[in-house]
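The values are calculated or read from the model by the stated rules, or taken from the named source; none is laboratory data. This structure is a prediction, so every number in the text was calculated from the model and none was measured. Neighbour counts are summed over all protein chains in view; Cβ atoms, including those assigned to glycine, are modelled from backbone coordinates with ideal geometry. Areas reflect the complete protein model, heavy atoms only, side chains present, ligands, DNA and RNA absent. Shrake-Rupley method; radii C 1.70, N 1.55, O 1.52, S 1.80 Å.
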Amino acid sequence: MADIRITGRMVNFSRLTFDTNDHAAIRQQLTSTLNESSYLGTLVIIDSTVEQELIALIQLLIDLGLQPMAVIDGILGDQARAIQFPVLPTDQPLQRIKASKEQVVDHAPEKTVDSTAIQTPQKNTSVTHVTSYHDEILRTGQSLVQDQGDIILNAGMNSGSEVIASGNIHIYGNARGRVIAGAGGDGSARIFCNSLEAELISIAGTYCVADDIPKDMIKKPVHIYLNTKQELEFEPLQF
């Protein structure tokens, strides 16, 4: 038996781009962000547009509960190589576009009333869910991102495009390019499309590239979700 196994699990990470080398300001801004969101323990890739003390920056991120994993080659590349820290090549980012329209819904958490308890004022803990609707075809080089809910594409997407949602993705057309649902780790997220022709499918970090998509699902209406083993399941959609 081989001692090494390669599995199809994609690691979720975030890219942090720094336009300042004021570490006090960085700490203040990130502390505010981390208090408002569930980013603790997140793997991060470091990018910078200004000179930085890399080791100090890495330690700062670790102190805040983040896990630096690499830097983007450029200003910090030489420092990273000197300490044998991973360096990723520069990339050509996709053009992030805005959806045609959005629907925002605030969900208040369910409350249980205890008549014997002393009632105290409660903070507003409502959760915002956003559904992005895009009526034009998502073109090559374009990226549509919704980190607070679902995305509905009414006209499909071209190869070389990308759609990313923290929730579900519905594509009423050809699903080409990269389709990433449950981007924040939501394993209950699902993908629905009229014609599956994607370069990559991912739900909550579990992914499948084009060559591994079941052949009988190609160019068919498909529903994709994670099963109890956290594996991608492809089911034909019945109309």
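So what are the ³J(HN,Hα) numbers for the stretch 190-197, from phi and the Karplus equation (6.51, -1.76, 1.60; θ = phi - 60°), rounded to whole Hz, Gly and Pro as x?
Rounded to whole hertz, the list is 9, 10, 10, 8, 7, 8, 8, 9.
Enter the accessible area of residue 27 (Å², nearest 10), with the probe set to 1.4 Å and all protein chains included.
Solvent-accessible area, nearest 10 Å²: 100 Å².
Accessible area per residue, 1.4 Å probe, Å², for the stretch 175-233: what's the number? Display every interim value, and only then the final one.
Values: 2640 Å² over 59 residues.
Per-residue value: 45 Å².
Let me see the P(r) profile for the stretch 130-173: every Cα-Cα distance counted, bins of 10 Å, each bin given as a percent of all pairs.
33, 59, 8
Sort 170-178, 155-163, 56-64 by the packing proxy (mean of other Cβ within 10 Å over each peptide's residues), most packed first. Can you show the working numbers first?
Numbers: 170-178: 21.9, 155-163: 19.7, 56-64: 15.7.
Averaged packing, sorted descending, gives the order 170-178, 155-163, 56-64.
If we sort 79-87, 221-229, 193-201 on the protection proxy, mean other Cβ atoms within 10 Å, highest first, what's the order? Could the numbers behind the result be given before it?
Values: 79-87: 13.8, 221-229: 16.0, 193-201: 21.3.
Averaged packing, sorted descending, gives the order 193-201, 221-229, 79-87.
Listed highest first by mean packing, meaning other Cβ atoms within 10 Å per residue, what order do 206-216, 141-151, 44-54 come in? Let's see the in-between values first.
On the way: 206-216: 13.5, 141-151: 18.9, 44-54: 16.7.
Descending packing order for the listed peptides: 141-151, 44-54, 206-216.
I want to check the label-to-label distance for residue 133 and residue 90. Put each point 7 Å from Cα in the C-beta direction and report it in nm to one decimal.
Modelled inter-label distance: 4.1 nm.
Tell me, what is the FRET efficiency for residue 228 and residue 56 to the nearest 0.05, using R0 = 45 angstrom and their Cβ-Cβ distance as r?
0.55
Could you work out the equivalent-ellipsoid semi-axes for the stretch 129-234, taking the square root of 5 times each eigenvalue of the Cα gyration tensor, largest first, in whole Å? Don't skip to the answer; put the middle values down first.
Numbers: eigenvalues 66, 56, 24 Å².
Calculated on Cα positions only, the semi-axes equal 18, 17, 11 Å.
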